[in-house]
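Peer 1: Below you'll find the structure I mean.
The values are calculated or read from the model by the stated rules, or taken from the named source; none is laboratory data. Every value quoted in this text rests on a predicted model; they were computed, and no experiment measured them. In this analysis, Cβ positions are derived from the backbone assuming ideal geometry, glycine residues included, and neighbour counts consider all displayed protein chains. Remember, those area values only see protein heavy atoms, side chains included, never the ligands or the DNA or RNA. Shrake-Rupley method; radii C 1.70, N 1.55, O 1.52, S 1.80 Å.
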Amino acid sequence: MSSSIDLKSKFKKVYDTLKQELINDPAFEFDDDSRQWIEKMLDYNVPGGKLNRGLSVVDSYQLLKGGELSDDEVFLSSALGWCIEWLQAYFLVLDDIMDESHTRRGQPCWFRLPKVGMIAANDGILLRNHVPRILKKHFRGKPYYVDLVDLFNEVEFQTASGQMIDLITTLVGEKDLSKYSLSIHRRIVQYKTAYYSFYLPVACALLMFGEDLDNHVEVKNVLVEMGTYFQVQDDYLDCFGAPEVIGKIGTDIEDFKCSWLVVKALELANEEQKKVLHENYGKKDPAAVAKVKEVYHDLNLQAVFENYEATSYKKLITSIENHPSKAVQAVLKSFLGKIYKRQK
């Protein structure tokens, strides 16, 4: 197996190749200004994260193949990985505008830059359009090309629809906690995060490996389940994680987020505690946030989460070990290993 450091540096090189192709795309007559704009916009928004989703395509393909990858296979699996990072950048650029966010990955959101502003909306559209350009250039001759295009379209639709449920459930001015339930939380997470973050990388690797996705519905279910567990961890860390470890200060309570913690708290709270939650959740006031956290502590949500984590893990391992293919099991276990009991 190639070392992960080696793969990561190869992966990053592929970004430079793809970027050069896009800023010289023959379908458009670029001049210096437009070329510089796209390059700056890409460098600012695409490669800045942890790159977990993109690298997962390469890892998964390598586990399916069960041996060293040729240079061509490294390039193609990396290109698919970058398509996911591009898709993610497109979602985040537009997401930050919708949420009126200030920072992303430790720097100002793209639309907050003085020369960018609402041009960011069009940049989001461009990022989204880069995905089919990359697919067409590198995969058009492949037998699985149509399935790839189909997969990206489907997952994009699911993610945007998940974002819609999230946005309409948290309409500003209609802060009604009674709208929040575990089933709403689950739907938002499944569609907004799990499909593109967990299922998409593995589905890309399976297609590249020559598999038919219709034969892998069970794999999809396990990955969506994993994505749900990942988001519950995220909700938990937002409140209970150490800011110096997770790299940000959690604001789910102030932002009136449909967080697993508040949904769980509403389920377990007595009338008095429910009243405190209804009166204080979603307020920017530190005293109100403290009151919500006090209810979380009184309900011992840390223990409730630990119990949820243990149960989820057991359930996931059982589902994975029931899969007939050892290679697919290895892919799924590698995913689970990356997120189980994570601290950030």
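Peer 1: Scan Ala265, Ala269 and give me the residue that is crowded, with 21+ Cβ neighbours inside 10 Å and not basic (Lys, Arg).
Peer 2: Exactly one of Ala265, Ala269 is crowded, with 21+ Cβ neighbours inside 10 Å and not basic (Lys, Arg), namely Ala265.
Peer 1: Does Lys341 qualify as being open to solvent by 30 Å² or more (accessible area, probe 1.4 Å) and outside any helix (DSSP H, G or I)?
Peer 2: yes
Peer 1: Out of all the residues in region 305-344, which are of a type in the set (Lys, Arg) and within 21 Å of the chain's Cα centre (by Cα)?
Peer 2: Of everything in region 305-344, those that are of a type in the set (Lys, Arg) and within 21 Å of the chain's Cα centre (by Cα) turn out to be Lys333, Lys338, Lys341, Arg342, Lys344.
Peer 1: Out of (1) without any contact (Cβ under 8 Å) to a residue 40 or more places away in the chain; (2) within 20 Å of the chain's Cα centre (by Cα); (3) surrounded by fewer than 19 Cβ atoms within 10 Å (Cβ to Cβ); (4) more than 30 Å from Val276 (Cα to Cα), the odd one out for Arg140 is which?
Peer 2: (2)
Results for (1) within 20 Å of Tyr199 (Cβ to Cβ); (2) open to solvent by 40 Å² or more (accessible area, probe 1.4 Å); (3) assigned to a loop (DSSP other than H, G, I, E, B); (4) touching a strand residue (DSSP E or B) at 6+ places or on another chain (Cβ under 8 Å), shown as yes or no for each residue.
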position: Cys83; (1), (2), (3), (4): yes, no, no, no
position: Ser101; (1), (2), (3), (4): no, no, yes, no
position: Ala120; (1), (2), (3), (4): no, no, no, no
position: His130; (1), (2), (3), (4): no, no, no, no
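Peer 1: Let me ask something else. Look through region 61-81, keep the residues that are in a loop (DSSP other than H, G, I, E, B) and under 26 Å from Gln20 (Cα atoms), and return whichever of them is most open to solvent (accessible area, probe 1.4 Å).
Peer 2: The selected residue is Ser70.
Peer 1: Residues that are out of contact with any Ser or Thr (no Cβ under 6 Å at 6 or more places or on another chain) and open to solvent by 60 Å² or more (accessible area, probe 1.4 Å): find the helices (runs of 4 or more DSSP H) completely inside region 154-249 holding 1 or more of those.
Peer 2: 182-189, 217-240, 243-246
Peer 1: Does region 235-277 hold any residues that are of a type in the set (Ser, Thr, Tyr) and closer than 19 Å to Asp176 by Cβ, and which are they? Full working, then the answer.
Peer 2: Going residue by residue through region 235-277, those that are of a type in the set (Ser, Thr, Tyr) are 236, 251, 259.
Passing the criteria: only Ser259.
Peer 1: Still on this structure, I have one more. If you check Ile320 against the conditions, is it among the aliphatic types (A, V, I, L, M) and at pLDDT below 95?
Peer 2: No.
Peer 1: While we're looking at this one, here's another question. Looking only at residues in region 250-262 that are among the charged types (D, E, K, R) and touching a residue at least 24 places away in the same chain (Cβ under 8 Å), which one is least open to solvent (accessible area, probe 1.4 Å)?
Peer 2: Glu254
Peer 1: For residues that are in contact with a helix residue (DSSP H, G or I) (Cβ under 8 Å, 6 or more places away or on another chain) and open to solvent by 40 Å² or more (accessible area, probe 1.4 Å), tally how many sit in region 89-99.
Peer 2: Going through region 89-99 one residue at a time, the tally reaches 2.
Peer 1: Filter region 1-45 for residues that are within 30 Å of Gly67 (Cβ to Cβ), open to solvent by less than 20 Å² (accessible area, probe 1.4 Å) and either aliphatic (A, V, I, L, M) or in contact with a Pro (Cβ under 8 Å, 6 or more places away or on another chain) (or both) and give the result.
Peer 2: Leu7, Val14, Tyr15, Leu18
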